[in-house]
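Peer 1: Can you read through this structure? Questions will come right after.
Values quoted throughout were computed directly from the atomic coordinates according to the rules given, and no laboratory measurement underlies them. Please read all numbers here as calculations on a predicted model, not as lab measurements. Here the Cβ positions follow ideal geometry from the backbone for every residue, glycine too, while neighbour counts run over all protein chains shown.
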Amino acid sequence: MKTSINNIVKFEIVDQTLIISIFGEVTNLYANKYNLKPILSKTFENISKIKIDFSGVAKYDTFIFLLLKNIKSFAIQHQISIELTGMSVDLKNFVNYLENIKLTDKYTAPKKPNLSIRFFENAGKITIKLAIDFVSLLSLIGDIIRSSLKLLYSIRSIRWSDFPEQFTLIGVNALPISLLIVFLIGLITGYQGALQLKEFGADIFIADLISISITRELGPLMVAIIVAGRSGSAFTAEIGTMKVSEEIDALKVMGFNIVDFLVMPRLIAILLAMPMLVILADLVGVLGGLFASLTTLDLTSVAYFNRMQIALGINDVASGLIKSCIFGLVIVVIGCFRGFQVSGGAESVGRYTTSSVVTSIFNIILLDALFTLLFPIIGL
């Protein structure tokens, strides 16, 4: 009896011996063509031996091993001897190699940790990252303090050629948007305050509300937020791009102090620019409140300024200027720190630039809250 499957596998029974001839391409591509179980099931009662001839195999892959394994399993199940012939050396080595590989009976996917475990894992990762960032930040602050002390005996150690450009970027270029924002803040505060004071007949106290809120809180806070969004992000992007392009590594190799070269010009520029911006913003904010008062209340500009002279003290203006310097220091330190953290490519620059702005604004508002509680205690 002779049987064939797609002219690739042929069967022949001779003297109770089933001869299986395999030839051609025995690959997974043709796996659906090799359904041997029906033929073996029909013929195993009449055979006592299976002989497999591989001499005609032209191309093979792991499917030939699976085919051979199924035939062997069938022969063992029915107690039939099996003989392999015509195998090339390469095919024999291939089959022996696959037979020696230990396969697991069942693949079990790793169990996902439950929600509480993942929460603590994420909390631990965030804590470790914050600790590493904190240590790196302290190191940068120490370098800045050391470079600042060098100004007392080596003023030429700072790269002063960058100072005019940074002062223009931080101060002059930020002046229009800062004045506009604070003017609108004064205008809004004046309108909202006027509506409430008018009900109690306390129109004149609008000058107290505007002058103190603008000089102590809103002026320095809004200017700091604007500078953080403009200049703080620019610091991170510039230094981060230098880090990615390995310019900072080149400066270190050439013996430059990175803090003196990159951080100090920006720090000095912002410490000088921030108080000037705040003073001008305070003036414009007061004028915004005046405009709201004149259009809403029965109040003259002379009465407004006379009352402001009584309500506004030097401590109010000084507290705003002190805040502006502290806020400027925070913007430079965080902006440069995030820039030095950049690694990889452009995606990292964008990520740390965003982080710089968010972190700066958060710390500015946090410090403003602390100053609001601290200044009355020290009498400022």
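Peer 1: Listed highest first by mean packing, meaning other Cβ atoms within 10 Å per residue, what order do 337-349, 177-189, 207-219 come in?
Peer 2: Put in order of decreasing packing, that is 207-219, 177-189, 337-349.
Peer 1: So, one more: List, in order, the whole-Hz ³J(HN,Hα) value for each residue of the stretch 76-89 obtained from phi through the Karplus relation with A = 6.51, B = -1.76, C = 1.60 and θ = phi - 60°; use x for Gly and Pro.
Peer 2: Taking θ as phi minus 60°, the curve returns 5, 4, 10, 6, 10, 6, 9, 9, 10, 9, x, 7, 6, 4 Hz for the stretch 76-89.
Peer 1: Rank by packing, highest mean first: peptides 51-64, 258-271, with packing defined as the count of other Cβ atoms within 10 Å averaged across residues.
Peer 2: Highest to lowest by the protection proxy: 258-271, 51-64.
Peer 1: Right, here's the next one. Could you work out the relative contact order of the chain? I mean the mean sequence separation of Cα pairs under 8 Å and 6+ apart, divided by the number of residues, in percent.
Peer 2: Here the relative contact order equals 17 percent.
Peer 1: Cα gyration tensor of the stretch 283-334, axes a ≥ b ≥ c as square roots of the eigenvalues: rounded (a/c below 1.5), prolate (a/b > b/c) or oblate?
Peer 2: oblate
Peer 1: Ranked by Cβ crowding within 10 angstrom, fewest neighbours first, how are Glu83, Glu238, Glu199 ordered?
Peer 2: The order, fewest Cβ neighbours first, is Glu199, Glu83, Glu238.
Peer 1: Taking a ≥ b ≥ c as the square roots of the eigenvalues of the Cα gyration tensor of the stretch 253-380, is the shape rounded (a/c under 1.5), prolate (a/b larger than b/c) or oblate?
Peer 2: The shape class here is prolate.
Peer 1: If you don't mind, there's one more thing I want to ask. Identify which of the listed values of Cα Rg over 2.2 N^0.38 Å was calculated from the structure shown: (i) 1.93; (ii) 1.63; (iii) 1.30.
Peer 2: Computed from the coordinates, Cα Rg over 2.2 N^0.38 Å corresponds to (i).
Peer 1: Along the stretch 120-134, what does the Karplus equation 6.51 cos²θ - 1.76 cosθ + 1.60 (θ = phi - 60°) give for ³J(HN,Hα), rounded to whole Hz, x for Gly and Pro?
Peer 2: Once θ is set to phi - 60°, the couplings for the stretch 120-134 become 5, 5, 5, 4, x, 5, 5, 5, 5, 5, 5, 5, 5, 5, 5 Hz.
Peer 1: Let me ask something additional. Angle between the Cα long axis of helix 346-378 and the longest principal axis of the chain, 0 to 90 degrees, nearest 10?
Peer 2: 40
Peer 1: Once the Cα atoms of helix 233-244 and of the chain are each reduced to a long axis, what angle between those two axes, in degrees from 0 to 90 to the nearest 10, is obtained?
Peer 2: Value to nearest ten degrees: 40.
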